[in-house]
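Okay, structure first, notes after.
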Amino acid sequence: MSDFVIQTEAITKTYVSGTNEVQAVRGIDLNVRKGEFVAIMGHSGSGKSTLMNLLGCLDTATTGSYRLDGVRIDGLDKNELAAIRNQKIGFVFQGFNLLPRTTALENVELPMLYDRSAAKRDTRALAKTALERVGLGERLDHQPSELSGGQQQRVAIARALVTNPALVLADEPTGNLDTRTSTEVMKLFQELNEQGITIVLVTHEPDIAAFAKRIVEVRDGRIRRDEAVMNRRSAAADLEQEAA
């Protein structure tokens, strides 16, 4: 069994519109081991969003190879990609993407309802456990409109965790949150990572990326920097300083 959750080799993505070609990703090699917490950074147009779509099996590379938790991704059809996404990836988005007139518990149950292999599982119990894991055990029956932005993002994180994925992929997860709530969410990500969960976070904010253990910077479709975070931010320390 591989120690890597993500293994890409010279992946590219080219978009064609008429006679125009745009190379969004230009030969990226990226390895992420199990249990890592990686932040992918880049400005608008850098290629980081395209790279996230490739890593999340929302799109396929034009050339190159990609293995997700040991499974070869390039060459899979849409149905196979959908199955891989459901089984191996938990997504957390900037906009939360919660169903508005559905309880927190029901929102967290959703990924399991699309997984045929989960037919015999107690989805309600698993969803309850996931919500307790993110500190929302007393908000099971609340709808999104009854929750703060930070609580909604915690529901989204619980939904990402409920299938026990190989990878949690978070796309600008603090983009709609204030500074204090962003810090609380990043503290939760750090705690989950300490429990062994592999997290890849996409952000354009250096202060958010500093919560990760490793930063990969993308520019012009290529990796320009890949290094450990030397002065890693502590969410707990930030909260204490803000409260002082």
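When the C-alpha to C-alpha distance is required to be over 27 Å, the pairs from LYS78/LYS187; LYS13/LYS88; LYS88/LYS187; LYS128/LYS213; LYS13/LYS34; LYS48/LYS213 that qualify are LYS78/LYS187; LYS128/LYS213.
Report relative contact order for region 84-222 in percent, whole number only (criteria: Cα-Cα under 8 Å, sequence separation at least 6).
So the answer I get is 30 percent.
Placing +1 on each Lys and Arg Cβ and -1 on each Asp and Glu Cβ, with no other charges, gives region 8-92 a dipole about its Cα centre of roughly 200 debye.
By its C-alpha gyration tensor, with a ≥ b ≥ c as the square roots of the eigenvalues, how is the chain shaped: rounded for a/c under 1.5, else prolate for a/b larger than b/c, else oblate? Spell out each step's value before the answer.
Numbers: a/c = 1.74, a/b = 1.24, b/c = 1.41.
Taking the square roots of the gyration eigenvalues as a ≥ b ≥ c, the chain is oblate.
Largest mean-square fluctuation among MET112, MET52, MET230, in a Gaussian network model of the chain whose springs join Cα atoms under 10 Å apart, belongs to MET230. The mean sequence distance of close C-alpha pairs (under 8 Å, at least 6 residues apart), as a share of the length of the chain, puts its relative contact order at 27 percent.
Overall, the anisotropy analysis places region 25-94 in the rounded class: the square-rooted eigenvalues a ≥ b ≥ c of its C-alpha gyration tensor yield a/c less than 1.5.
Under 5 Å from the amide H of VAL92 lie the amide H atoms of LEU169, ALA170, ASP171, each residue being 5 or more positions distant or on a separate chain, with H modelled from the backbone and absent for Pro and chain starts.
With a ≥ b ≥ c the root eigenvalues of the C-alpha gyration tensor of region 43-151, is it rounded (a/c under 1.5), prolate (a/b larger than b/c) or oblate?
Values: a/c = 2.79, a/b = 1.56, b/c = 1.79.
Because a/c hits 1.5 or more and a/b fails to exceed b/c, region 43-151 counts as oblate.
Once every DSSP H run of n ≥ 4 in the chain is given -39500 (n - 2.57) and the sum is divided by its residues, what mean residue ellipticity at 222 nm do you get, rounded to the nearest 500 deg cm²/dmol?
Values: 8 runs with 82 residues, N = 244.
Estimated from H runs of four or more residues: -10000 deg cm²/dmol.
Computed over neighbours whose Cβ is under 13 Å from that of SER148, the net charge equals 0, Lys and Arg +1, Asp and Glu -1.
Comparing ARG67, ARG85, ARG121 in a Gaussian network model of the chain, where Cα atoms under 10 Å apart are tied by springs, the biggest mean-square fluctuation is seen for ARG121.
Backbone geometry of region 17-29 corresponds, through the Karplus equation with coefficients 6.51, -1.76 and 1.60 at θ = phi - 60°, to 3J(HN,Hα) couplings of 10, x, 9, 9, 10, 10, 8, 7, 10, 10, x, 9, 10 Hz, x marking Gly and Pro.
Averaged over all directions, how much area does the convex hull of the C-alpha atoms of region 2-51 cover when projected, in nm²?
On the way: hull surface 16.6 nm².
Averaged projected area of region 2-51's Cα convex hull equals 4.2 nm².
Electrostatic bookkeeping for ARG219 treats Lys and Arg as +1 and Asp and Glu as -1; over the other residues with beta carbon under 11 Å from its beta carbon, the sum is +3. Say we join alpha carbon atoms closer than 10 Å with springs in a Gaussian network model of the chain; which of ASN20, ASN107, ASN86 then has the biggest fluctuation? Looking only at ASN20, ASN107, ASN86, the biggest GNM fluctuation is shown by ASN20.
Where a number appears in this text, it was derived from the coordinates with a stated rule and is not lab data. Bear in mind the structure is a predicted one, so any value in this text is a computation, not a measurement. Reconstructed Cβ throughout: ideal geometry from the backbone, glycine too, with neighbour counts over all protein chains shown.
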